[in-house]
Amino acid sequence: MDSFDPFFPYSEYRPHQREMLAFAATVAREGGIGMIDAPTGSGKSSVVSALLGERNGRRIVIAVRTVSQLSTFVRELALIKKKQPSLKTVYLVGKKSMCLLGGEGDVYRRCEGVKALSSSLMRDRAERGATNPIKDPFIVQQIRRMDREHPLLCPYFIASRQFVPGDTGGVKMVPSAAVRSKAERVLADPVRPQEMAGFAGEVCPYELVMHAAKNADVIILNYHHLFDQEIREQLYANLNVEAQDVMLLIDEAHNCGDAIQSIESIAISAKDVEQATRELIGMKKMYKGADAVRHVLPRLTDFIAGLANSPEPEDWFDPAIFDRMIVKGSLWKDMEDIVDELMGLAGSIRERNQKSGEFRETAIEKLTDFLYRLSQSSRNPAYLTVYRKSEDGIVLEVRNIDPSAPLTEICSTHACCIMISGTLSPVESFRRLYFNDAKVATMALPNAFPKENRLICCATDITTAYSQRQSTENSEKVAQYIEAFAAQKSNRAVYFPSYQILETYASLVSPRLGRKKIYIEPRDAANAGAALNEFLSLPEQGESGILFAVCGGKWSEGLDYRGEMLAGAMVVGLPLAPFTRVRRMVIEYFRRRYGEEGEFICYTLPAINKALQALGRVLRTPEDRGVLVFGEKRFLEKRVRQALPAWIQEEMVECDHANSA
């Protein structure tokens, strides 16, 4: 018997599932990092059984990106709990979705501020004998009187605390009896995140879950909790646990790079600078140095304005020129001195605002963070200084282009780390992207679904390569492929590299599709959900339609189109990012790190992954039947084809315009 068998909640293993769990158990037992590329249907969520079998008193943290992924592990752990009733699990979601306190501004700042003020008031009252704060008439009166839009106290946090005699005299603050009781019930019978607010009642849902988490064996949380260093360190401090005592499981690991790059990057716009200027004008009498800093900002405004004439939608800007332009004529000798002044100013502003119940991030604080990151980026080639055009004008950005350093630090400092995904192919390329030359164990599984239920095709004679976009012959062939694909009596989806290419072919093909219902992914997310749900419901009504969407967009990832909801998907083109000077600089950086392989890792690999994610919407269960079409001849090029999962390479049938119907 393997160590994971007592925790495996099913009567039998799927094909290759036992090997996958044995691989994960070995990594968990010996420590280190393991990466598993396992197609849909492999039973990836059961990897948690392998970690439980090797736990030996350690915590297990599962990081997920979306609510649907969280729900998958909720179901898995509920089944394991039937077999192992003593298992304690908690689902930790962000404060934003759990906070019951009203008011304006950033929820994390508001929480920090009201907790500090509430704690101060509670302690003062406790020293006078009021050890149950929520029953203290004075505190209750203060809560009733406060402005609900600018709260200074949190009644939910106050109800979550009480005071007992201190170990060395005085009093100490501890979780209230209500929090302790509800936390025990949560551990005994887990409450889903969407039901937590109602279950919590008068106590703070987040405090309740955090208290339960201190005694949990398994904690499920979102990417941000793990990948944001400040949040992770605060979380582990609250749980009284060290990373070295935590076993880590990261789901949908192909998204790790994008998540970390987003967290590590920062941007400001001209509007932010204008707002910072207004804030400084109102503060010059209160804060020494405010007026001097204000006189620096017009230079920043001029720098941004100078970029507006650029014909490029996105480009690099030289941080050295930026520094010289901002510092010249100021009271400071370099950018670091300006940043030091701003940091002191921003800290004072934040403290004052919290005391007055104002929890929005000020433009001055945002500007300070941007300039600090910019000054640091000059010493780290993993960051680029970029400007881009948006609806709000020019935006300056300090952009992380390589997630390997923070990801390696996170994964290597834990007891072990298992990364799983259905599209981590080729896994060796992702290993290099994420961990460079660090020692990492990898595993790639074949597709366990019946081969006879799927047909995989690749066009040999069409492309969306830039050199052919003006070719009428090529465009007409692409249109005819789409027309033939859409003619089938079932729900079909066609995915494109960009909204521009989508709109071009949608206008070309739509008139040819007769009465076929057409759904086009909007650039604006406002109405996207309703349109998608209507499309997916067509088979129930005996109808079918065609979906036009974008690879990497709102309708291509993280969604289950089971059964007849989607019977075929076609990817038109290889969804490469636009080739700009910024993209060229990114490629040069990766070439310096990895040689010729660098361009593939940073440029082609993400495009292949987007295509696989889109096609992966079709076959979600062993019973699903469907057609997968690569509408791009570049997928047949040796390097690209070799990057596809082995089962796709083996089953892919080449087709051309003559037999596309």
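The values are calculated or read from the model by the stated rules, or taken from the named source; none is laboratory data. Not measured: the values here are computed from a predicted model. Ideal geometry is used to build each Cβ from the backbone, glycine not excepted, and the neighbour counts take in all protein chains shown. Accessible surface areas use protein heavy atoms only, side chains included; no ligands, DNA or RNA. Shrake-Rupley method; radii C 1.70, N 1.55, O 1.52, S 1.80 Å.
If you roll a 1.4 Å probe over the heavy atoms of the protein chains, what accessible area per residue do you get for the chain, in Å²?
45 Å²
Run down the lysines and flag those whose C-alpha is under 28 Å from the C-alpha of residue 451, throwing out any fewer than 8 positions away in its chain.
44, 489, 610, 633, 638
So if R0 is 22 Å, what FRET efficiency would residue 390 and residue 584 give, r being the distance between their Cβ atoms, rounded to the nearest 0.05?
So the FRET efficiency works out to roughly 0.55.
I need the calculated FRET efficiency for the pair residue 305 and residue 285, taking r as the beta carbon distance and R₀ as 25 Å, to the nearest 0.05.
0.30
Taking θ = phi - 60°, what integer Hz values does the Karplus form 6.51 cos²θ - 1.76 cosθ + 1.60 yield along the range 301-307, in sequence order, with x for Gly and Pro?
4, 5, 4, 5, 4, x, 7
Charges on Cβ only, +1 for Lys and Arg, -1 for Asp and Glu, centred on the Cα centroid of the chain; of 210, 600, 640, which one is farthest towards the dipole's positive end?
Of the listed residues, the answer is 210.
Would you kindly state how much longer the chain becomes between residue 96 and residue 512 on full extension, computed as 0.36 nm times their sequence separation minus their alpha carbon distance, in nm to one decimal?
145.1 nm
Calculate the length of the line joining the C-alpha centroid of the range 359-407 to that of the range 450-471, in whole Å.
38 Å
How much mean residue ellipticity at 222 nm does the chain get from its helices, if each DSSP H run of length 4 or more adds -39500 (n - 2.57) and you divide by all residues, to the nearest 500 deg cm²/dmol?
Value at 222 nm, helices only, nearest 500: -13000 deg cm²/dmol.
Among 169-180, 247-258, 149-160, how do they line up from the highest to the lowest mean number of other beta-carbon atoms within 10 Å?
Descending packing order for the listed peptides: 247-258, 149-160, 169-180.
Taking K and R as +1 and D and E as -1, what net charge do the other residues with C-beta under 12 Å from the C-beta of residue 375 add up to?
Spelling it out: positives minus negatives among the neighbours equals -4.
What percentage of the solvent-accessible surface of the chain, computed with a 1.4 Å probe over protein heavy atoms, is contributed by carbon and sulfur atoms?
That share works out to 49 percent.
Magnitude of the Cβ-charge dipole of the chain, K/R +1 and D/E -1, about the Cα centre, nearest 20 debye?
Here the chain has a charge dipole of around 1220 debye.
Using the basic label-point model (7 angstrom from Cα toward the beta carbon), what is the residue 116 to residue 13 distance in nanometres?
Output for this residue pair reads 5.3 nm.
Roughly how many whole Å is it from the C-alpha centroid of the range 531-546 to that of the range 250-278?
36 Å
Under the √(5λ) rule applied to the eigenvalues of the Cα gyration tensor, what semi-axes describe the equivalent ellipsoid of the range 189-229? Give them in Å, descending.
Equivalent-ellipsoid dimensions as semi-axes: 19, 12, 10 Å.
How far apart, in nm, are two points set 7 Å out from the Cα along the Cα-to-Cβ line at residue 355 and at residue 325?
Taking the two extended label points, one gets 3.8 nm.
Work out the charge dipole of the range 578-642 with +1 on the Cβ of Lys and Arg and -1 on the Cβ of Asp and Glu about the Cα centre, then indicate which of 611, 582, 630 is farthest towards its positive end.
With unit charges placed on the Cβ atoms, the residue in question is 582.
Averaging the inverse of every distinct alpha carbon separation and then flipping it gives the Kirkwood radius. What is it for the chain, in angstrom units?
About 27.9 Å, per the Kirkwood formula over Cα pairs.
In the chain, what percentage of the DSSP-assigned beta bridges are antiparallel, given to the nearest 5?
Expressed as a percentage, antiparallel bridges in the chain total about 25.
Given Cβ point charges of +1 (Lys, Arg) and -1 (Asp, Glu) and nothing else, what value in debye, to the nearest 20, does the dipole of the range 372-458 about its Cα centre take?
So the dipole magnitude of the range 372-458 works out to roughly 100 debye.
Efficiency by 1/(1 + (r/R0)^6): what FRET value for residue 56 and residue 596, r their Cβ-Cβ distance, R0 = 51 Å, to the nearest 0.05?
With a Förster radius of 51 Å, E is 0.70.
Could you point to the residue in 404, 649, 26 farthest towards the positive end of the chain's charge dipole, with +1 and -1 charges on the Cβ of Lys/Arg and Asp/Glu respectively?
My answer, from the dipole projection, is 26.
Quick one: net charge around residue 146, please, counting Lys, Arg +1 and Asp, Glu -1 for every other residue with C-beta under 14 Å from its C-beta.
Net charge in that neighbourhood comes out at +1.
Taking K and R as +1 and D and E as -1, what net charge do the other residues with C-beta under 11 Å from the C-beta of residue 183 add up to?
Result for the local shell: +3.
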